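*Asks:* Submitted below is the structure of interest, expressed as structure tokens.
The numbers here are math on the coordinates, done by the rules we state, and not lab data. Model, not experiment: these values are computed from the prediction. Cβ sites come from the backbone with ideal geometry, for glycine too, and all protein chains shown count toward neighbours.
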Amino acid sequence: MSATPKTSGMAKLERDAVLELASKNRRLDGRALTDYRKIKIETGIIEKANGSAQVTLGKTKVMVGVKVQMGSPFPDTPNEGVQTVNVELTPLAYPTFETGPPGENAIELARIVDRNLRESKAIDVTKLCITPGNKVFVVFVDINVLDHDGNLIDASTYAALAALMTGKFPEYELKDGEVIFKDSFQPLPINNHPVPVTFAKVGKILVADPCLKEEEAMSARLTVGIDKDDFVCAMQKGGIGELDSNEIKAAVETAINKSRELRGIIMEASK
Amino acid sequence: MSATPKTSGMAKLERDAVLELASKNRRLDGRALTDYRKIKIETGIIEKANGSAQVTLGKTKVMVGVKVQMGSPFPDTPNEGVQTVNVELTPLAYPTFETGPPGENAIELARIVDRNLRESKAIDVTKLCITPGNKVFVVFVDINVLDHDGNLIDASTYAALAALMTGKFPEYELKDGEVIFKDSFQPLPINNHPVPVTFAKVGKILVADPCLKEEEAMSARLTVGIDKDDFVCAMQKGGIGELDSNEIKAAVETAINKSRELRGIIMEASK
Amino acid sequence: MSATPKTSGMAKLERDAVLELASKNRRLDGRALTDYRKIKIETGIIEKANGSAQVTLGKTKVMVGVKVQMGSPFPDTPNEGVQTVNVELTPLAYPTFETGPPGENAIELARIVDRNLRESKAIDVTKLCITPGNKVFVVFVDINVLDHDGNLIDASTYAALAALMTGKFPEYELKDGEVIFKDSFQPLPINNHPVPVTFAKVGKILVADPCLKEEEAMSARLTVGIDKDDFVCAMQKGGIGELDSNEIKAAVETAINKSRELRGIIMEASK
Amino acid sequence: MSKEKAPERLIDDSGLRIDGRRPEDLRPIKLEVGVLENADGSAFIQQGKNKILVGVFGPREIHPKHMVLPDRAVIRCRYRMAPFSTEERKNPAPSRREIEISKVIREALEPAVMSEYYPRTVIDIFIEALQCDGGTRCAGIVAASLALADAGISMKELVSACSAGKVGGQVVVDLCDLEDKYGEADLPVALMPNLSAVTLIQMDGKLSREEFEKALDMASEACRQIRNFQAEALRHKYQGMVDTEEPPATGEASK
Amino acid sequence: MSKEKAPERLIDDSGLRIDGRRPEDLRPIKLEVGVLENADGSAFIQQGKNKILVGVFGPREIHPKHMVLPDRAVIRCRYRMAPFSTEERKNPAPSRREIEISKVIREALEPAVMSEYYPRTVIDIFIEALQCDGGTRCAGIVAASLALADAGISMKELVSACSAGKVGGQVVVDLCDLEDKYGEADLPVALMPNLSAVTLIQMDGKLSREEFEKALDMASEACRQIRNFQAEALRHKYQGMVDTEEPPATGEASK
Amino acid sequence: MSKEKAPERLIDDSGLRIDGRRPEDLRPIKLEVGVLENADGSAFIQQGKNKILVGVFGPREIHPKHMVLPDRAVIRCRYRMAPFSTEERKNPAPSRREIEISKVIREALEPAVMSEYYPRTVIDIFIEALQCDGGTRCAGIVAASLALADAGISMKELVSACSAGKVGGQVVVDLCDLEDKYGEADLPVALMPNLSAVTLIQMDGKLSREEFEKALDMASEACRQIRNFQAEALRHKYQGMVDTEEPPATGEASK
């Protein structure tokens, strides 16, 4: 069951400070409203994975490993490989993250990343079919949040995308119906590069790439996923507050612009 | 682990009232000792199910949906389809019903319904075999309790029976060992119509079709399942009190008579 | 998550008594430091199991049942049967044993028994392959702790070994790729007889076969598994204290000697 | 089993949808308030083939105690699909989809509830999707909003909800199951129309900026229509019993 | 694996059952009291190939606290089958069958225990079926009753239990595994014989009203016999040690 | 998928191991302290292809309350392998192996922590194995020890750890994954070198008494070397920032 979360331990004073600044269109760390924190993307850091990336977004740090394994297709898509996204909010990343099976926050995060990738058809799953209806490649995207300072959605999706873009899977041949894997690898078939841009509503303004303190002061969150052709491919509102239509439309406009810049950074790191 | 339940929140006064009435062979709502509350049975209410029914018994309301899917037989009955009964005490049905996996009350309820159907051979499972030892039809009987005012066992079983009697499953043909489903449907093979009659022991008397207040005042519960030929096909005592042999024998006699009347209502509604 | 356990309810006085005796190289029940309590081994007590044994070690009592069933091999060992060890610390064995899925103590115990058997190659799993890569025998070793008075590791392993040594599995033949079981049985292929010897560090000394009171007063535990050829085949330190290298080396020496005597008892009971 | 087939076209030559609706048409909606005996508040919605039952308990004491909030009510929400509600039987264990939807529905209702009136209590919202036909999260919000009102819980405004999306190249509202599955985009929206407050928005698919804006506007307009049905359903329950000739809570949305 | 076969006939020409018993004969029973070291009370029953161990703890402090009952003891009961107790290995996770049986056994024992003597405590009853051969819930009740007595817990009377049923057209008592599986009906009954109080009754199968009454009477009579073995087993433990020549807790029930 | 093959020989003609090391050589080790923002203490170890991150929280308030110990801190430890850390993807649910390792690592660290300084609190140690290459429990202990120190928790001494074992007939230290899998024995050891206190010892495989003693001595010596790297890593973090030219926490262990 989903329940109103405990309000954060952040002192009321601190929240007031964030809101006070927001009322003057300013932010804690001096960023402009649509500025992102410093982004660092490293790829190929887990040799045993088929693809991997670590994204540092300010003090937020997320590692993604991609594994490609043989499995069965879903009955209604016999000619397509399978994409599966899983999130672990590792307990070392934040004092209140707990061990145990993923809670609703981890599940929502995984589903938003999944939606960005799936709806933009980032992975060309038709190229991951081995024998229709029987054997396909399953692409496991495992997201480990290692340090939490806000905006996990963007950091996780960027890391997932970078891991996939630098990912490889084995070449193979079919001999009498049996799959023979070669020693060589080929790049994963990546068709699209969805880039989510997340905003927090703090007081009356929307700020992009919120840090944790901004998230604790926000009333609502809005993520807009934009694909390589400037189409909106995913969206998610979060938080127990509200937005208005004009805010949302403005956010989409900002996201389209912002995503181009962010996509550039991710592509550059994933060469 | 099974544990003595918390005694209900019903005020002692109310329980005393029920018991006081019972000592005069009377009931809260004026019914005779073996009277049932008003029964309403609707079928075919869930178009996506293979069969469905909603039973309203006084203020108790239970919905049952039947789904028929292809599956594997049990190893020791390779020529028989599979019947499986599941109960959800949905949390909107009663203030103390909880979310989460089924507890012992839901499991006991499911097993009693299952026992009535199975022991009377209500479903002719031999007609649900597609290819022996390999593919059979699995009949899922899913019971959702929507409003709880006592006697869930009878309401659930009647609803299950009505859903099965009005249930359909696809016609098919085998082509080179493959199952080809047609667009047409055939009725589920229903051979028997078991009808449980449930009593609560309140004070020194047994009352049929107990409402919730009677259940909260009862010392023991007895369910007697009677099949279409007046055979006893299932029985279950519940509650932390006791019964004596003569009470049980009398209950069986009453149940045989009562079940005929109740079966008529169910058959009529399931035409 | 593993957590420091609650310190036992044993009165401080009792613990002091154990430690005081230990400081004089003496034990509660007068045993010499390397003496075991009385061992009683009964086999063949569960007719429905393929092998069974009950070991009584002082007041500790453990029952083991072995079941052999057909299953699939692990992908990386297609020619080998499967050994699987499971422990239930049944709640009737000790006031604080709880119902529910196995906790870390049960899991550690199962894994130590498993390690002794596996690393010494006690079961010749190559003889349990039916059709390579497809069907093998799975040997389930189910350990039920029935009374806990310390040293569950040794009692469990001895019982597992005795159950395996007296275990049988069906003879079969392959007809057109199908497995036909005969009515006759053959002994399980047992190649080695690993015998763990467990010590508790109480004060400054190591005592063998600790009883529960000694375990509650101990700082650390050391189990040394010795195979039939005097090789060390398994080892496990437990407890939140420490040992020094010389203690460990001395324990190995003692274990080699002691295991010969204990192995004799187990072999005798398993004839 | 006898598998549903993908429709050939989602929009026909005269611009109508597979069930004959125009792009801006809602499916027929039936709303009932106060349908359960034990729940403090309840409502039932039928929208297309969607059949959803909502029960509300509370404000009531909270267990476990450590969840208590000193200055407001905790709101708990569970969205669940009955095993028989879908084409293929749904496993009764909660799916990741159900867990996410429970969260976004809760967050869609929280802005409306005057939680600060009920400190140290819990308000439980149980949504049982008995039959699913596309847009169940929106339909669930519509009914939950009524069930909260039926429970007498103070709200700023009723929350309404409806999806818009794109099917066969056309922006449309209130997608049915087939349109959701085979269409190009789905955009569920929840709104408090008088407050112009969007309390839920999600999107799947592919929309240009212009299409997105059009879809958002159409969804908002659909929410406003549904808001009227909600009001009517409450009136029927509470001030009503007067003119029972016309089923007042049923509205054909085509204008 | 080498699969057990269905017996050709369950009653032979001379009216005897597959194990040679007459319809009213019990299987050999062995009862032992006080068999465990750590449990507050314990007992072991062997009945046919059934081997069941019961341990009782309590009255003791209850965790978690919110389960406490102010005016009586909570009784908790777990019935569990060892993985090696059945033909096919049983998965160690609790099955729905075990959960139901735990409940009906608890409810069979509750009427006998003077729970009101032990307010705010818990009495835990753990039943381990080490080998199962039909009628384990009844055998478990018989042993649990002794274990409760061994723990010194006040009871109105010992609860006894035995099944009756119909096999090969004949009403019989104390069905073994094969009779249970291939017979026509099974009717487990628990009884406090002196109080004429039936505390458990369940039925599977098909019985006419007359057969049912006969089966209930035969089960009750069997319970009375077993009640004597129970008393004997307790005497042996508590007043005993005198005449140990004959194993007093073992009874061949054929008269 | 493209399956790793068993190496033909684990020791070559010149007595070198598959990665060119001599029997007593450690793999290259890199240690970093204070790598996380939110954890109270943290450390990272790279040893061969092992990559392990450790975060420590505490001493802090304990939940649930009933776990509290009146006279010392509770230490909690979770060892977890990331799903992408191994050849085959690891299921995220905790395996029995991870549960056992969490326990033995906790028990390896407990003797070093001055838990009695922090009564009624908890110290949480989270070990995330991001890539696994043999000897992860030892590497985890080495990093956890640094993370505890980084959190400012009083310790008697840093705990160091290293495995020894037997591969290709030879006793060696610090087995890599292939040596662990295809070798004859693995003996992980944790040690507080100055206190001569072994806090973890386990063994798998087959060793004669003489081989065992040799392996234990070699593992102890390896622990001593690693202990120096640990000290250096702490110095680098806390007294350091002076000479940053050489990466001070990286040690090639071959002498």
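*Asks:* How far, in whole Å, is the closest Cβ of chain E from the axis that maps E onto D, and which residue does it belong to?
*Replies:* Axis-proximal residue of E, distance in whole Å: E:64, 6.
*Asks:* Follow-up. Please order D:12, F:124 by the number of other Cβ within 10 Å, starting at the fewest.
*Replies:* Fewest-to-most Cβ neighbours within 10 Å comes out as D:12, F:124.
*Asks:* If you don't mind, another one. With chain C rotated onto chain A, spot the residue of C whose Cβ lies nearest the axis and note the distance in whole Å.
*Replies:* Value returned for chain C: C:101, 8.
*Asks:* Please compute, for peptide B:52-64, the average count of beta-carbon atoms on other protein chains lying within 10 Å of each residue's beta-carbon.
*Replies:* Working: counts 4, 0, 1, 0, 0, 0, 1, 3, 2, 5, 0, 6, 1.
If you average over the peptide's residues, the count of other-chain Cβ atoms is 2.
*Asks:* With everything on Cα atoms, drop me the angle between helix F:96-109 and the longest principal axis of chain F, reported from 0 to 90° to the nearest 10.
*Replies:* 70 degrees
*Asks:* Can you tell which of F:182, F:168, F:149 lies farthest toward the positive end of the dipole of chain F, using +1 and -1 charges on the Cβ of basic and acidic side chains (Lys, Arg; Asp, Glu)?
*Replies:* F:149
*Asks:* Which entries of A:127/D:5; A:168/D:5; A:40/D:166; D:90/D:214 show an alpha-carbon separation above 26 angstrom in the structure shown?
*Replies:* Flagged as over cut-off: A:168/D:5; A:40/D:166; D:90/D:214.
*Asks:* Right, something else. Given N residues in the protein assembly as shown, what is its alpha carbon radius of gyration divided by 2.2 N^0.38 Å? Present the calculation step by step, with values, prior to reporting the outcome.
*Replies:* Values: Rg = 34.6 Å, N = 1578, 2.2 N^0.38 = 36.1 Å.
Working it through for the protein assembly as shown, the quotient is 0.96.
*Asks:* Continuing with this model, one more query. Out of B:150, B:177, B:58, any idea which swings most in a Gaussian network model of chain B, alpha carbons joined below 10 Å?
*Replies:* Highest fluctuation of the listed residues: B:177.
*Asks:* Amide H to amide H, which residues 5 or more places from residue F:184 or on other chains are under 5 Å from it, using H placed in the peptide plane?
*Replies:* F:166, F:167, F:168, F:169
*Asks:* Once the label point is set 7 Å along the Cα-to-beta-carbon vector, what list of distances in nm do you get between residue D:232 and its counterparts in the other copies?
*Replies:* Distances between equivalent label points, in nm: 8.0, 8.0.
*Asks:* Could you line up F:115, E:42 from fewest to most neighbouring Cβ atoms inside 10 Å?
*Replies:* Ascending number of Cβ neighbours within 10 Å: F:115, E:42.
*Asks:* A further question follows. List A:64, A:87 from most exposed to least, where exposure is judged by having the fewest other Cβ atoms within 10 Å. Walk me through the numbers on the way to the answer.
*Replies:* Working: A:64 33, A:87 27.
Going from least to most buried by this count: A:87, A:64.
*Asks:* Helix F:209-238 versus the longest principal axis of chain F: what is the Cα-based angle in degrees, 0 to 90, to the nearest 10?
*Replies:* The angle comes out near 50 degrees.
*Asks:* What's the average, rounded to a whole number, of partner chain beta-carbon atoms within 10 Å of each residue's beta-carbon in E:87-96?
*Replies:* Neighbouring Cβ atoms belonging to other protein chains average 5 per residue here.
*Asks:* Moving on. Chain E: percent of C-alpha pairs farther apart than 24 Å?
*Replies:* On the way: 14976 of 32385 pairs.
Looking at chain E, the distances longer than 24 Å represent 46 percent of pairs.
*Asks:* Report, in deg cm²/dmol and to the nearest 500, the calculated mean residue ellipticity at 222 nm for the protein assembly as shown, where each DSSP H run with n ≥ 4 adds -39500 (n - 2.57) and the sum is divided by the residue count.
*Replies:* Helix contribution divided over all residues of the protein assembly as shown: -8500 deg cm²/dmol.
*Asks:* Now for a separate question. Treating the point 7 Å from Cα along Cα-beta-carbon as the label, what are the nm separations from residue E:154 to the other copies, to one decimal?
*Replies:* The projected label point of residue E:154 is separated from its counterparts by 5.3, 5.3 nm.
*Asks:* Of the cross-linked pairs E:181/E:237; A:24/A:213; A:237/D:156, which ones have a Cα-Cα span greater than 27 Å in the structure shown?
*Replies:* On the way: E:181/E:237 36 Å; A:24/A:213 17 Å; A:237/D:156 20 Å.
Pairs exceeding 27 Å: E:181/E:237.
*Asks:* With point charges of +1 on the Cβ of Lys and Arg and -1 on the Cβ of Asp and Glu, referenced to the Cα centre of segment C:12-269, which listed residue (C:65, C:152, C:166) lies farthest in the positive direction of the dipole?
*Replies:* C:152
*Asks:* While we're looking at this one, here's another question. Quick query: amide H of residue F:29 versus all other amide H atoms, modeled in the peptide plane; which residues come in under 5 Å with a sequence gap of 5 or more or a different chain?
*Replies:* Hits under the 5 Å cutoff: F:251, F:253.
*Asks:* Let me ask something else about it. Please give the charge dipole size of chain D, origin at the Cα centre, charges +1 on K and R Cβ atoms and -1 on D and E Cβ atoms. Round to the nearest 20 debye.
*Replies:* So the magnitude is around 720 debye.
*Asks:* Counting partner chain Cβ atoms within 10 Å of every residue's Cβ in E:106-114, what's the average?
*Replies:* Mean partner shielding for this stretch: 4.
*Asks:* Please state the charge dipole magnitude for chain B, taken about the Cα centre, from unit charges on C-beta atoms (+1 on K and R, -1 on D and E), reported in debye and rounded to the nearest 20.
*Replies:* 540 debye
*Asks:* State, to one decimal in nm and shortest first, how far the label point of residue B:184 sits from each corresponding label point in the other identical copies (label point: 7 angstrom along Cα-to-Cβ).
*Replies:* From this label point to the equivalent ones elsewhere in the assembly: 5.6, 5.6 nm.
*Asks:* What does the convex hull of the Cα atoms of segment A:124-241 come to per residue, in Å³, rounded to a whole number?
*Replies:* Taking the convex hull of the Cα positions in segment A:124-241, it is 133 Å³ per residue.
*Asks:* Can you give the alpha-carbon Rg of chain A over 2.2 N^0.38 Å, where N counts its residues?
*Replies:* 1.06
*Asks:* For segment A:119-130, just list the computed ³J(HN,Hα) in residue order, Karplus coefficients 6.51, -1.76 and 1.60, θ = phi - 60°, integers in Hz, with x standing in for Gly and Pro.
*Replies:* Working through the residues one at a time gives 6, 8, 6, 4, 8, 7, 5, 5, 8, 10, 8, 9 Hz.
*Asks:* Treating only the Cβ atoms of Lys and Arg (+1) and Asp and Glu (-1) as charged, compute the dipole magnitude of the protein assembly as shown about its Cα centre; round to the nearest 20 debye.
*Replies:* Here the size comes out at about 1520 debye.
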